[in-house]
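The structure under discussion appears below in the form of structure tokens.
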Amino acid sequence: MGIETAVLALLDKIGLGTIAYKQYEMYPDLVCQFMATVGVYYQNERLKNVQEGILSFFIRGIRYRLPLRDLCGIYGFERDFTEVVLPAHFPTVQDFWSLFRNGQCDSKASTQTDVRHPVLRYVTRLIGHTFLCKMEPGKMRVTEMVLLYFGLRDLIAGVFPKSKLDRPVNMGAVFAHHLVSLKTKPFTGKGKKIESVGSLLTPIFRHFRIDLESCRIVTDCPVMDAEYMMHAQWMKKTLLWCFSDSRGAHLVQLPQADLTDIGEDYHQLQFEPDPCDLVTQPTTRRRTPRAAPTPSEEFTTTNSVGGKHRASLSSALRLSF
């Protein structure tokens with residue numbers, strides 16, 4: 001698709017280290033024990049100083065304590081940022097949304113498919129599958145919008161004045177608190193909504209040199225490749241990218257670096273191909289379809305505390321694009 005460089009650059013600007021693309025095996029039994037006992041503690045629970053924060057969990061009856069600064073080191077997050085939570089409100093979210101999508105942003109109705117630009121849509125889904133461990137990774141909620149803003153704020157600095165959104169957030173603290181939140185809510189919702197975490201925890205187990213030799217292991221590494229995106233109806237065969245605007249639904253052939261690269265002009269976020277580059281998909285006689293699992297069914301791997309877990313898509317970025 002020709003978007004690898006732009007995707008990696010945007011992840012770096014957001015500050016997500018390596019959590020969205022490094023590949024790890026999963027150890028389901030250890031994941032169960034971790035998720036049942038994980039907690040985050042501070043010397044002063046009211047002030048929550050990141051430098052004093054500790055991630056705690058039990059494995060095989062042994063308690064492990066991981067300073068949040070060390071957690072940042074494991075995943076490549078910035079260690080010295082001080083805010084422990086992402087902003088809960090985004091007052092100018094409608095203006096931000098208008099930079100890459102027409103219409104109103106509705107956290108209940110807006111989806112990632114509404115995002116036209118391949119890099120922005122891909123990164124948002126990738127974040128949902130990894131850092132946020134979302135049950136509904138296809139939704140565009142405030143959290144996804146805030147993280148996307150972090151990645152684009154330098155580009156749009158002339159459009160958006162500085163605000164509380166520009167305070168440096170410690171992604172290690174955010175991730176630690178998110179893990180705790182997963183412990184305290186059901187892991188499955190209605191239908192096929194499934195929380196994902198799994199292999200994201202393997203670097204922590206390795207950091208403490210926990211014995212992994214005798215553990216059950218899942219080595220499958222699901223990826224967000226062309227097949228995945230066709231299942232998600234983001235793309236047709238031969239790398240035809242699907243997007244919609246005020247004129248309707250369109251297809252455009254990728255790769256086209258001049259169209260997908262995010263340069264110095266925020267207008268590029270609009271993703272407006274020349275009408276001459278749009279592709280009309282030929283109509284063909286429909287053949288008997290082959291059964292294909294949905295992404296959520298493909299990646300379900302194990303049961304965990306409170307319900308189903310699936311292997312985290314921490315390996316979701318396929319670098320061969």
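So which aspartates and glutamates can K164 reach, going by Cα to Cα under 19 Å and dropping same-chain residues fewer than 8 places off?
Output for K164: E78, D80, E83, D95, E144, D154.
Could you give the radius of gyration (one decimal) and Dmax (whole number) of the Cα atoms in region 1-147, in Å?
Here Rg and the maximum Cα pair distance are 17.5, 53 Å.
Sort out for me the Cα centre separation of region 1-26 from region 99-172, rounded to whole Å.
15 Å
How about region 5-90: which GluC sites (Glu not before Pro) there lie in a loop by DSSP and see at most 10 other Cβ atoms within 10 Å?
Sparse-neighbourhood loop GluC sites (Glu not before Pro): E45.
Starting with the fewest neighbours, write out K183, K134 ranked by other beta-carbon atoms found within 10 Å of each beta-carbon.
Ascending Cβ contact count within 10 Å gives the list K183, K134.
Most exposed first by the Cβ proxy, i.e. fewest other Cβ within 10 Å, how do S181, S56, S110, S246 rank?
By the 10 Å Cβ count, ascending, the order reads S246, S181, S56, S110.
In the structure shown, do any of K22/K108; K13/K237; K13/K183; K13/K139 have a Cα-Cα gap over 24 Å, and if so which?
K22/K108; K13/K237; K13/K183
Every read-out reported here was derived from the displayed coordinates using simple, explicitly stated rules and does not represent laboratory data. Computed from a predicted structure; not experimentally measured. Don't worry about glycine lacking a Cβ; one is built from the backbone with ideal geometry, like all the others, and counts go over all protein chains shown.
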